[in-house]
1. Would you point out which residue out of B:Thr253, B:Thr277, B:Thr298, B:Thr303 is open to solvent by 10 Å² or more (accessible area, probe 1.4 Å) and within 16 Å of the ligand (Cβ to nearest atom)?
2. Which of the helices (runs of 4 or more DSSP H) contained wholly in the range B:1-88 include at least 3 residues that are at pLDDT 85 or above and within 16 Å of the ligand (Cβ to nearest atom)?
3. Tell me which helices (runs of 4 or more DSSP H) are completely within the range B:256-306 and hold 1 or more residues being farther than 18 Å from B:Ile220 by Cβ, or say none if there are none.
4. Yes or no: the range B:130-150 includes at least one residue that is touching a residue at least 24 places away in the same chain (Cβ under 8 Å), in a strand (DSSP E or B) and under 17 Å from B:Leu246 (Cβ atoms).
5. Looking at (1) over 21 Å from A:Ala179 (Cβ atoms); (2) within 14 Å of chain B (Cβ to nearest Cβ); (3) part of a strand (DSSP E or B), which is the only condition A:Asp67 fails?
6. Of the numbered conditions (1) within 20 Å of B:Pro296 (Cα to Cα); (2) open to solvent by less than 10 Å² (accessible area, probe 1.4 Å), B:Phe11 satisfies every one except a single condition; which is it?
7. Restrict the check to the range B:153-176 and report whether at least one residue is out of contact with any Cys (no Cβ under 9 Å at 6 or more places or on another chain), in a loop (DSSP other than H, G, I, E, B) and within 11 Å of chain A (Cβ to nearest Cβ).
8. Quickly run through the range B:75-113 and pick out the residues that are touching a Leu at 6+ places or on another chain (Cβ under 9 Å) and surrounded by fewer than 16 Cβ atoms within 10 Å (Cβ to Cβ).
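The values are calculated or read from the model by the stated rules, or taken from the named source; none is laboratory data. These numbers were taken from a predicted model, which means no experiment stands behind them. Cβ coordinates were reconstructed from backbone atoms using ideal geometry, including for glycine residues, and neighbour counts include every protein chain displayed. With ligands, DNA and RNA removed, areas are computed over all heavy atoms of the protein, side chains included. Shrake-Rupley method; radii C 1.70, N 1.55, O 1.52, S 1.80 Å.
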Amino acid sequence: MGLIENLKNAVIDGDVDSAARIANEIIDRKMDLKNAILNGLSAGMRVVGKKYEEHEYFIPEVIVSADALNTAFNIIKPHFKDKDTDYKAKVIIGVVKGDIHEIGKNIVAQFLNASGYKVIDLGRNVPPEKFVEAIEKYNADIVAMSTLMTPTLEQMKITIEHLKENGLRNKIKVIIGGAPTDQEFMNEIGADYCCKDANETVSTLDSIIIKNEVN
Amino acid sequence: MSLIEDFLTQFGFSQELIEGVFAKPGATMPAIFLAGGYNVNEYYKMTGVPAYEIVRNARHLIKSQMNLQYKFKVDLLTCLVDLNIMSESFGAKLYYDHDVLPMPNKPAIESLDDIDQLEIPDPHKDGRMPVIIEAAKLYKEKYKAKSSLIYGGYIEGPITASSNILGVENFMRGLVTNPDLIHKLLDKVTTALIEFGNAQLEAGADAIGIAEPTASSTCISPDFFKEFAFPYLKKINRKLNTPGTLIHICGHTQPIIKQWIKIPNTFIISVDEVDLTKTLETIGNKFIIVAGNISPITLLRETPETIELITKDIINEVGNHGKFVLCPGCDLAPGTPEENIMAFLNAGRKYGKFPI
Ligand SMILES: [Zn+2]
């Protein structure tokens, strides 16, 4: 448990060098990689998310933790022998059209990645048609949209309308997030879930999977 | 008291406004606006002049700002446009659109190692700084005599400007991994901001507003605010040729109020997500005006009735304390219904008569 615990702590401390060193050591020792991802990386990121929630960590600390997570994850991933189909669900993620604030979205994507989801990241300033195109192309289960700004909230509504027009709305769960979003707005535009941070997004998606709402 | 009145008169505060600020019986609680995105969008809808042209043309820009004053008769206006003026002047690339303010596209430098490549821009030549300066000049020449308005030019705060120069994610990372180089960047940017602010004052702005959202506790810790924002804001306020500035920090700021009000020559703090009672308590006897704090999201999405109630609550909370003006917590959102803005202003006029 020592190395896994150290990996978790490297993520919590945002220590990129240690995370890389430990990840390589885990591979050299042929340890259980799934365990390393779940109880090392993912568990570490959950602590980071909690510290962020409690205002002990702020954006800079979360970014360096995500760096440590990514570094270790990229070292471990090629050695991970599971089939491509062995993920919980496929998630399309992006910042809506008109907004370029993507730090929050990137962190959510990294959390989801480390928690066993296949994430297709469309980046920022993503028009509704791009979301539709990607959902069809990847046969995705979930679409996650975010915005930091008030004026671009409208784009979430427009994107959902696009999903309806293309007959996709009933095939996919729609998650929204970002500072100006809330439950009320979620109901107003007909999204399924509104998540306030990366931890909540992972637990929400996990609960959907458990309820077998997707696939 | 008269010293402070003199101080306010220097900025062009009318007697009525001063009495409002001091909660004198018979006076009304003043209302001010931070409005850039809203103004530009309204002006575009009204005239068809695209946003990318408005923000590059002083004549359109000042008209779009004065429009708000004519429509709503506000007392003080900060000519806020977007928060990329300094980063663009340092070489960052922006997205320009037809109906909204420009947004960051590519930072001026990709890495902290490239700091030495950054040259301090010339406010009269580089980026859109000349447009903002020209707008202040046009205000002085064409509008100042005709209006009781206090016209604030503006600069971005050092953290906000620097994070757009380096890219927000790299900047945030650098705060942890490379504080020395971040200080070097902040120092350079601070010099440029001071020159830009002084050029606006010289051209005719009555005051300067500093927009520093990226230093809020929504983004960085109070410790980082103390280490990376405070010294540079202090330097800016000392070196600007004005007796005091308005500093706007939206988002969550309760943990930094104590630091914030220690920045010398700060005379208005424009707050967003804070407890007003606590904030006024923290300020105590200091002469600092609090401007706050109805949410622009509320103004965009709620009904006029709800907005009236929320504004009334703010007024009742502050009561006869004084040193307070009503203000949205941040830039008005484009498309905010006019009846909602009116509901906010009318509530101020209706319930804000002193004594409350
Ligand atoms: Zn703001």
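1. On inspection, the qualifying residue turns out to be B:Thr298.
2. Correct list: B:37-47.
3. Result: B:276-283, B:296-301.
4. yes
5. If we test A:Asp67 against (1) over 21 Å from A:Ala179 (Cβ atoms); (2) within 14 Å of chain B (Cβ to nearest Cβ); (3) part of a strand (DSSP E or B), just (3) comes out false.
6. (1)
7. Yes, the range B:153-176 contains a residue that is out of contact with any Cys (no Cβ under 9 Å at 6 or more places or on another chain), in a loop (DSSP other than H, G, I, E, B) and within 11 Å of chain A (Cβ to nearest Cβ).
8. Scanning the range B:75-113 gives B:Asn105, B:Lys106, B:Glu110, B:Ser111, B:Asp113.
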